[in-house]
Amino acid sequence: MTDRLNPEEREILKNFERGELRRAAGAQSEMEAARIAARSTFKKTRRVNLRVTERDFTLAHARAREEGIPYQTLLSSVIHKYLSGRLTEKR
């Protein structure tokens, strides 16, 4: 694995292995916040019924098959990405 690291990454790894690195102030609370966010990311707490055109339904099924995931998961992902600002329209 070290052969894929750049020089800066190798230096960080060496310092880590020698025990020369310390946690930053507030790291524990940031890690806990990240754990909570990760757990809640996949919690499904609400059921939604959504009507779409036959064409969109067919396209969603086809794309989900290409991705190897259920179409509900695909649609949920698209909605989540759009609402979180990570999915935007092409212009």
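The values are calculated or read from the model by the stated rules, or taken from the named source; none is laboratory data. Note that the structure is a prediction, hence the values are computed from the model and not measured. A quick note on method: Cβ atoms are made from the backbone with ideal geometry, for glycine too, and the neighbour counts reach across all protein chains shown. In case anyone asks, the SASA skips ligands and DNA or RNA and just uses the protein heavy atoms, side chains included. Shrake-Rupley method; radii C 1.70, N 1.55, O 1.52, S 1.80 Å.
Remark: the chain projects, on average over all directions, an area of 11.0 nm² (convex hull of Cα atoms). Checking every one of the trypsin sites (Lys or Arg not before Pro) in the range 1-47 against DSSP loop status and a limit of 11 other Cβ atoms within 10 Å picks out Arg18, Arg22, Arg23, Lys43, Lys44, Arg46, Arg47. Taking Leu59, Leu75, Leu21 as the candidate residues, the one with maximal mean-square fluctuation in a Gaussian network model of the chain, Cα springs under 10 Å, is Leu21.
Each label was represented as a point 7 Å from its Cα along the Cα-to-Cβ direction; for Glu32 and Leu59 these points are 4.5 nm apart.
Using DSSP to call loops (not H, G, I, E or B), can you name the GluC sites (Glu not before Pro) in the range 13-91 whose Cβ has at most 16 other Cβ atoms within 10 angstrom?
Glu20, Glu89
Rolling a 1.4 Å probe over the protein chains gives Asp56 an accessible area of about 80 Å². Adding -39500 (n - 2.57) for every DSSP H run of four residues or longer, then dividing by how many residues the chain holds, sets the calculated 222 nm ellipticity at -18500 deg cm²/dmol. Considering only protein heavy atoms and a 1.4 Å probe, what is the carbon-and-sulfur percentage of the accessible area of the chain? So the carbon and sulfur contribution to the accessible surface is 53 percent.
Shape class for the range 1-44, computed from the alpha carbon gyration tensor (a ≥ b ≥ c): oblate, with a/c not under 1.5 and a/b at or below b/c. Between Arg46 and Ser77, the contour length at 0.36 nm per residue exceeds the Cα-Cα span by 9.7 nm. Accessible area per residue for the chain, computed on protein heavy atoms with a 1.4 Å probe, is 101 Å².
Using DSSP to define loop residues, name the chymotrypsin sites (Phe, Trp or Tyr not before Pro) in the range 31-75 whose beta-carbon has at most 13 other beta-carbon atoms within 10 Å.
Working: sites: Phe42, Phe57, Tyr71; in loops: Phe42.
Loop-located and lightly packed - Phe42.
Excluding Arg18 itself, what net charge comes from residues whose Cβ is under 14 Å from its Cβ, given Lys and Arg +1 and Asp and Glu -1? Net local charge, Arg18 excluded: 0.
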